[in-house]
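The values are calculated or read from the model by the stated rules, or taken from the named source; none is laboratory data. All figures in this text were calculated on a predicted structure; none of them were measured in a lab. Backbone-built Cβ (ideal geometry, glycine too); neighbour counts: all protein chains shown.
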């Protein structure tokens with residue numbers, strides 16, 4: 001009986017977001033037709049292999065009036081040479097000493113002419129309508145920022161797992177964050193220039209996108225633009241993935257409120273469900289409850305199959321979703337326990 005109750009908790013949790021996602025597809029969200037001048041900022045550090053493709057995708061935008069500003073943050077490879085080799089009057093390339101992503105963005109902001117500032121990464125590819133889809137979401141003056149949908153390039157298991165993870169994030173954001181985005185992601189976001197100036201520019205942090213989002217929310221709304229997509233490169237090995245996500249999570253913890261406030265409570269609740277995602281299928285298998293195991297697997301596949309069709313993605317990855325789900329539940333549970341211990345012992349400011 002206890003196992004059935006635990007299974008029901010998992011299905012209800014996933015079902016809540018899945019149903020809200022389906023409902024969100026039926027409701028149009030607010031947009032506005034306008035075309036202000038836009039500055040696309042691309043900070044780059046040792047991105048010689050990818051910077052050219054990133055700039056080309058920015059230049060290929062279906063949008064009438066924009067500039068591309070590349071900020072070489074003291075690269076030690078041929079990033080600057082590759083960037084300057086692309087001759088286009090809309091592109092300006094600057095080189096500065098290496099001081100980190102936030103300072104590179106703020107340097108670009110100081111050179112930008114656009115009313116709207118768009119950020120992307122030097123290892124990312126913008127979809128042709130990304131700029132247009134971001135800008136149209138600034139439907140009123142109270143909207144100070146808009147975040148796009150991030151997807152992952154690559155064919156390895158870890159890269160596919162990360163694309164499934166980001167598709168799941170896209171599902172959650174459309175379901176619950178269309179009008180109140182928790183973080184405007186670094187690989188693709190847009191901001192009102194004046195709003196950024198009011199907060200002193202991009203916030204210097206290990207998680208500058210999350211920190212900047214939180215500051216901007218004091219001035220107005222941050223929205224989600226589902227049709228604005230960017231395809232980015234992510235870690236290919238488990239140690240690289242651990243280092244990246246450790247930096248993200250410990251950085252996020254620094255910006256959460258103390259005590260059982262909404263964000264921390266939601267994190268802990270998510271960790272409890274992650275524990276169930278690990279234990280329930282194993283226990284169903286060990287106890288011979290194959291009917292319930294099939295129900296669990298089929299249900300989880302269904303919750304990703306429809307978003308895959310709507311948002312775009314691999315149907316094979318959707319069919320393998322229970323495998324990816326189990327991997328991510330185990331990975332994040334270990335990561336979060338590590339982060340909570342660091343927070344408990346006051347070591348968040350140590351070496352990340």
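None of 268, 341 is over 21 Å from the mean Cα position of the chain (by Cα) and either modelled with pLDDT under 95 or part of a loop (DSSP other than H, G, I, E, B) (or both) except 341.
The residues on offer are 135, 146, 93, and the sole one that is under 23 Å from residue 35 (Cα atoms), modelled with pLDDT of 95 or more and in contact with a helix residue (DSSP H, G or I) (Cβ under 6 Å, 6 or more places away or on another chain) is 146. Is it the case that residue 205 is over 21 Å from residue 25 (Cα atoms) and either in contact with a strand residue (DSSP E or B) (Cβ under 8 Å, 6 or more places away or on another chain) or at pLDDT 95 or above (or both)? No: the conditions fail for residue 205. Only one of the listed residues (228, 184, 190) is in the same structural domain as residue 115 (by TED's automatic domain parsing), without any contact (Cβ under 8 Å) to a residue 40 or more places away in the chain and within 30 Å of residue 310 (Cβ to Cβ). That residue is 184.
Taking the stated definitions as given, is residue 220 over 17 Å from the mean Cα position of the chain (by Cα) and either at pLDDT 95 or above or over 29 Å from residue 155 (Cα atoms) (or both)?
Working: over 17 Å from the mean Cα position of the chain (by Cα): yes; either at pLDDT 95 or above or over 29 Å from residue 155 (Cα atoms) (or both): yes.
So residue 220 passes the test.
If I filter the range 87-95 for residues that are assigned by TED's automatic domain parsing to the domain that holds residue 223 and under 29 Å from residue 162 (Cβ atoms), do I get at least one hit?
First pass over the range 87-95, keeping only residues assigned by TED's automatic domain parsing to the domain that holds residue 223: 87-95.
Still in the list and also under 29 Å from residue 162 (Cβ atoms): none.
Among the residues of the range 87-95, not one is assigned by TED's automatic domain parsing to the domain that holds residue 223 and under 29 Å from residue 162 (Cβ atoms), which makes the answer no.
State whether the residues of the range 318-327 include one that is under 22 Å from residue 174 (Cα atoms) and surrounded by fewer than 17 Cβ atoms within 10 Å (Cβ to Cβ). Checking the range 318-327: at least one residue is under 22 Å from residue 174 (Cα atoms) and surrounded by fewer than 17 Cβ atoms within 10 Å (Cβ to Cβ). If we scan the range 276-299, do we find a residue that is surrounded by 17 or more Cβ atoms within 10 Å (Cβ to Cβ) and closer than 15 Å to residue 166 by Cα? The answer is no; no qualifying residue exists. Annotation for the range 197-208: no member residue is crowded, with 19+ Cβ neighbours inside 10 Å and out of contact with any helix residue (DSSP H, G or I) (no Cβ under 6 Å at 6 or more places or on another chain).
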